[in-house]
Amino acid sequence: MPLIRAATGVITQINIFTVPEGGQQALIDHLAEAAAYARQEPGWLSASLHRSLDGTRVANYAQSESLDAARAVVARLTEAGFIDRNRRFGEAHPGLYEVAMTLER
């Protein structure tokens, strides 16, 4: 389950993909497979996939317990070829983030 709270040490990788028309589901299927593989890495916490309503983007929101764990997850995915295969489905815009603030009702 995603954790969205400040000052936890959790690192979130947010990757926004731009996909060609009709390409969302193929990328979502690929990212779901990658997440299932990544979850075996110690420190991996969660992955959530989001599709834009206009059909042009997919957001991958993945969390790890620390920066070192996040880097290990990316290394695991890279070694298995998942990161290179991402390019077949769309253009990626990845980044690592920490929660700075949340506001709830």
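The values are calculated or read from the model by the stated rules, or taken from the named source; none is laboratory data. Just so it is clear, the structure is predicted and the values come from calculations on it, not from any experiment. In this analysis, Cβ positions are derived from the backbone assuming ideal geometry, glycine residues included, and neighbour counts consider all displayed protein chains.
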* Within the range 83-105, restricting attention to residues that are in contact with a helix residue (DSSP H, G or I) (Cβ under 8 Å, 6 or more places away or on another chain) and within 24 Å of LEU67 (Cα to Cα), which residue is surrounded by the fewest Cβ atoms within 10 Å (Cβ to Cβ)? -> ASP84
* Looking at the range 31-68, which of its residues are in contact (Cβ under 8 Å) with a residue 12 or more places away in the chain and assigned to a helix (DSSP H, G or I)? -> LEU31, ALA32, GLU33, ALA34, ALA35, TYR37, ALA38, LEU67, ASP68
* Asked: If you take the residues in the range 10-25 that are surrounded by fewer than 19 Cβ atoms within 10 Å (Cβ to Cβ) and in a loop (DSSP other than H, G, I, E, B), which one is nearest to the chain's Cα centre (by Cα)?
  -> GLY23
* To do: Pairs only if they're at least six apart or on different chains, beta carbon under 7 angstrom, first in the range 70-93 and modelled with pLDDT of 95 or more, second of a type in the set (Asp, Glu); list them, first residue then second.
  => ALA72/GLU41; VAL73/GLU41; ARG76/GLU41
* **So ILE28, is it part of a strand (DSSP E or B) and under 13 Å from the mean Cα position of the chain (by Cα)** => no
